[in-house]
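J.: Before we start, here is the structure in question, set down as structure tokens.
The values are calculated or read from the model by the stated rules, or taken from the named source; none is laboratory data. Being a predicted model, the structure only gives us computed values, none of them experimental. Note that we place each Cβ from the backbone using ideal geometry, even for glycine, and neighbour counts take in every protein chain shown. For the accessible areas, the whole protein counts, side chains as well, though only heavy atoms, and no ligand, DNA or RNA atoms are used. Shrake-Rupley method; radii C 1.70, N 1.55, O 1.52, S 1.80 Å.
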Amino acid sequence: MPDSPREDPEEELREMLRRFLSGEAGMDPNQLAGAAGLPNDPAMLAQLMAQLQGALRTPGDGLNWNLAADQAKQLARSTSVSMTPLDRSSLEQALQLAALWLDEVTFVAQLTLPPKLMSREQWIDATMPVWSQLAEPVATSIANALTDVLTENAPEEMSGMIAGASQLMRNVGGTLFAMQLGHVVGQLSSEVVSGGDVGIPLLDEQQAALLPQNVRAFGEGLDIPQTEIDLYLAVRELAHARLFRHAKWLRLHLITSITEFARGIRVDTDRLEELAADFDPSNPEELREAMRSGTLIPPKSEEQLAALARLETMLALIEGWVDVVTTDATQRLPRSAAVAETVRRRRAAGGPAESAFATLVGLELRPRRLREASAMWRAVTDAVGARRRDELWAHPDVLPTAFDLDDPQALVARLTSTEPVRDDLDRELEDLLGGGSGDDPQQ
């Protein structure tokens, strides 16, 4: 047991960090907030300081997702407006009519839960469990790398201090990461118009939702009647939610793929060591830029690139199907093509919060091959009809692949062929049983 508090490495580091966070050790708290990527807002700065001070006193794994949710909702509240009864009535009617129109063009299961109209804060509450699941592998990787770099590069006289308080450093680092994630999700809450707007299944597969405030913002400046915008966006959202309800395997498959991709992300410890060696507490701009630009995450490995390609294909298949179904279901709307073009431009450009999420987690939310996927689903629909098209979601083994995006006519040929489809396993079994020569599988 130490003879005095000064001989307790963890307590010594706690005191040093307290002085650091209070601005007594060379850094203005405003600069720390800037390094964390947070706005220079007095209330947010006070919250940052309080949370970091709390991290010094609180045991745990360093990843406080409740803090991320609180941060996001605080940002959402600053710009939220109440939904008027007229807005509620208009969107409820749009959702009812959208369900009827979808019944005419799809053969996917109907939802068992009624759609919701959500405020920005309600959307944050409903989606934060998925956001934290996606971000946790990266947060853990950054915390581990930071602790390793500090331990390896600490001066000899401080090595005991750092080694004795690695969990403390993880808590502080985890708090900063959680507040960054909360800021990103809070920004996203002002950009998304629906539960499925970012492509990934943030809500339960039984749930569809619209955000009335953001739906109204979507229509500002467009020479399109608001009722048509409401209907088009309602159809898109119901189509997205119905697909995940119909293909029961899809949500788990997609979330698992994203999480596994995120687990493969590693932090560039060499770059982190350079920043640690050159770090000037009075000028944290280089650290902030490294965090903002994503340079702490090195280029993806071959395995990661392959996993990302598979993930992007799946996201494109989902969005492409939704595009085709929405087009067919909204043919009665005079300006449906104009709304669709606005959706396409918005999706291609993304938003500032999406860019921030891509930097923070290393994953872009928008599929790159959406145009090819939409063309493929259109060709399939025209060739074999909506029922056969929707049957392709029954199991991942029968879902179209990246090769089908490259050559949709080959997929159409397979779907319309009257000959039984034979794969390598069929041919090997035939050879084993003596039903073929092994040279010509058609004999």
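J.: If you check Met128, Met118, which single one turns out to be in contact with a Phe, Trp or Tyr (Cβ under 9 Å, 6 or more places away or on another chain), modelled with pLDDT of 90 or more and within 27 Å of Asp87 (Cβ to Cβ)?
T.: That would be Met128, the only listed residue that is in contact with a Phe, Trp or Tyr (Cβ under 9 Å, 6 or more places away or on another chain), modelled with pLDDT of 90 or more and within 27 Å of Asp87 (Cβ to Cβ).
J.: Checking Gln110 against (1) in contact with an Asp or Glu (Cβ under 6 Å, 6 or more places away or on another chain); (2) farther than 24 Å from Thr256 by Cβ, which single condition isn't satisfied?
T.: Against the list (1) in contact with an Asp or Glu (Cβ under 6 Å, 6 or more places away or on another chain); (2) farther than 24 Å from Thr256 by Cβ, Gln110 comes up short only on (1).
J.: Does region 102-124 include one or more residues that are of a type in the set (Ser, Thr, Tyr) and closer than 17 Å to Gly195 by Cα?
T.: There is at least one residue in region 102-124 that is of a type in the set (Ser, Thr, Tyr) and closer than 17 Å to Gly195 by Cα.
J.: Something else now. Please determine whether any residue of region 321-340 is within 20 Å of Asp406 (Cα to Cα), more than 20 Å from the chain's Cα centre (by Cα), at pLDDT 95 or above and open to solvent by less than 20 Å² (accessible area, probe 1.4 Å).
T.: Yes; the residues of region 321-340 include at least one that is within 20 Å of Asp406 (Cα to Cα), more than 20 Å from the chain's Cα centre (by Cα), at pLDDT 95 or above and open to solvent by less than 20 Å² (accessible area, probe 1.4 Å).
J.: Sticking with this one: Restricting attention to region 384-400, does a residue exist that is at pLDDT below 95, surrounded by 11 or more Cβ atoms within 10 Å (Cβ to Cβ), touching a Gly at 6+ places or on another chain (Cβ under 9 Å) and within 24 Å of Thr106 (Cβ to Cβ)?
T.: no
J.: Right, something else. Collect the residues in region 232-249 that are open to solvent by less than 20 Å² (accessible area, probe 1.4 Å), part of a helix (DSSP H, G or I) and either in contact with a Leu (Cβ under 9 Å, 6 or more places away or on another chain) or of a type in the set (Ser, Thr, Tyr) (or both), keeping them in residue-number order.
T.: Those that are open to solvent by less than 20 Å² (accessible area, probe 1.4 Å), part of a helix (DSSP H, G or I) and either in contact with a Leu (Cβ under 9 Å, 6 or more places away or on another chain) or of a type in the set (Ser, Thr, Tyr) (or both): Tyr232, Leu233, Ala234, Val235, Glu237, Leu238, Ala239, Ala241, Arg242, Leu243, Phe244.
J.: Check Leu305, Leu252 and return the single one that is exposed (fewer than 14 other Cβ atoms within 10 Å of the Cβ), at pLDDT 70 or above and more than 30 Å from Leu95 (Cβ to Cβ).
T.: Result of the check over Leu305, Leu252: Leu305.
J.: Out of all the residues in region 260-273, is one or more in a helix (DSSP H, G or I), of a type outside the set (Gly, Ala, Ser) and at pLDDT 75 or above?
T.: Yes, that holds for at least one residue.
J.: What is the number of the single condition among (1) in a helix (DSSP H, G or I); (2) open to solvent by 30 Å² or more (accessible area, probe 1.4 Å); (3) at pLDDT below 65 that Ala353 does not meet?
T.: (2)
J.: Provide a single number: the residues in region 100-116 that are surrounded by 15 or more Cβ atoms within 10 Å (Cβ to Cβ) and part of a helix (DSSP H, G or I).
T.: Adding up the residues that qualify gives 3.
J.: Please go through region 356-383 and give me each residue that is modelled with pLDDT of 80 or more and open to solvent by less than 40 Å² (accessible area, probe 1.4 Å), ordered by number.
T.: Scanning region 356-383 gives Leu370, Ala373, Ser374, Met376, Trp377, Ala379, Val380, Thr381.
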